[in-house]
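The values are calculated or read from the model by the stated rules, or taken from the named source; none is laboratory data. The model shown is predicted, which means the values in this text are computed figures rather than measured ones. Cβ placement follows ideal geometry from the backbone for every residue including glycine, while neighbour counts extend to all protein chains displayed. When the accessible area is computed, the model is the full protein with side chains, heavy atoms only, and any ligands, DNA or RNA have been set aside. Shrake-Rupley method; radii C 1.70, N 1.55, O 1.52, S 1.80 Å.
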Amino acid sequence: MANLFLDEYEHCDTRIMYSSQNIPGPGADLDSFNCQIALKCACSAKCSEGCACLVDSGVNYDSCGRLLGEKFSMNSAGVIECGTECNCGETCGNRVVQRGPVSGLEVVAVGGKGLGLMRNQDLRRGDFICEYAGEVIGKSEAKMRANKSGTDAMNYIFVLEEHSGQNVVETFVDPTCIGNIGRYINHSCNPNAAIVPVRFDSLEPHLAIFALTDIGSGCEITYSYSQGEHSYGKIPCLCAEDNCNKFIPFNPNLF
């Protein structure tokens, strides 16, 4: 089955290379990129609860392709979509992130914060927006890059921490120089979107950004940078929410 992915966005800044999906960088675990997910279904068309890809994680999306509410929880079984080795067709409801970002996204200037991301159409809770894609790097490389920028300068490194029993698996994604449109999404202490790890084909997680609430046309899309263990740096937070913590969170393990 052909790859469904479609991303026609680009960067205005020619110094940034556009990459629609994650690429391995220094220190990346290449086995994670190359290792095929063992699950594959023999469904004739649209998959349901009996699908082999859904046995462990359960149904991921509703009939409109929106992420189910319980999947936003970090304690959920995660999201595994049907992949290229599956028998189901392109209309399968368990193929959402792999189709690429939603249309109508625009990079705009947002007062005092520089650039941000919005959509010129409404979004409903659970709608997939785009990935947060860039270079996947190792922890030592992430530490080096973070220390180089310092706690008082913006860095784009996202640290995903996934817990399985006593084990913690970390994935470091840096879209500073190579990345997609997701790099423009700003932090908010009261976000309207959230990152959920999604896998298909390989074990490498896609940092998929879904609408956490209904988002009106022209509203800035935001998510919280405080994933897992974090502290607060010296960069002022300008989200202007009632619960604002005044400073942008960061992962202290990188410094």
(request) Scan the range 19-46 residue by residue and report those that are of a type outside the set (A, V, I, L, M), in a loop (DSSP other than H, G, I, E, B), over 17 Å from the mean Cα position of the chain (by Cα) and modelled with pLDDT of 85 or more. (result) G25, P26, G27, D29, C35, K40, C41, C43
(message) I'm told S73 meets every condition in (1) modelled with pLDDT of 90 or more; (2) under 18 Å from the mean Cα position of the chain (by Cα); (3) of a type in the set (S, T, Y) except one. Can you identify the failing condition by its number?
(response) (1)
(message) Checking the condition open to solvent by less than 50 Å² (accessible area, probe 1.4 Å), in contact with a helix residue (DSSP H, G or I) (Cβ under 6 Å, 6 or more places away or on another chain) and at pLDDT 90 or above, which residue from I80, I16 passes?
(response) I80
(request) Taking only the range 107-123 into account, find how many residues are touching a Ser or Thr at 6+ places or on another chain (Cβ under 9 Å) and either open to solvent by 10 Å² or more (accessible area, probe 1.4 Å) or under 23 Å from I178 (Cβ atoms) (or both). (result) 7
(request) Kindly list the number of the only condition in (1) in a loop (DSSP other than H, G, I, E, B); (2) within 23 Å of T171 (Cβ to Cβ); (3) not small (G, A, S) that fails for R145. (result) (1)
(request) Hand me the list of strands (runs of 3 or more DSSP E) wholly inside the range 193-255 holding 3 or more residues that are out of contact with any Pro (no Cβ under 8 Å at 6 or more places or on another chain), open to solvent by less than 60 Å² (accessible area, probe 1.4 Å) and not hydroxyl-bearing (S, T, Y). (result) 193-199, 206-211
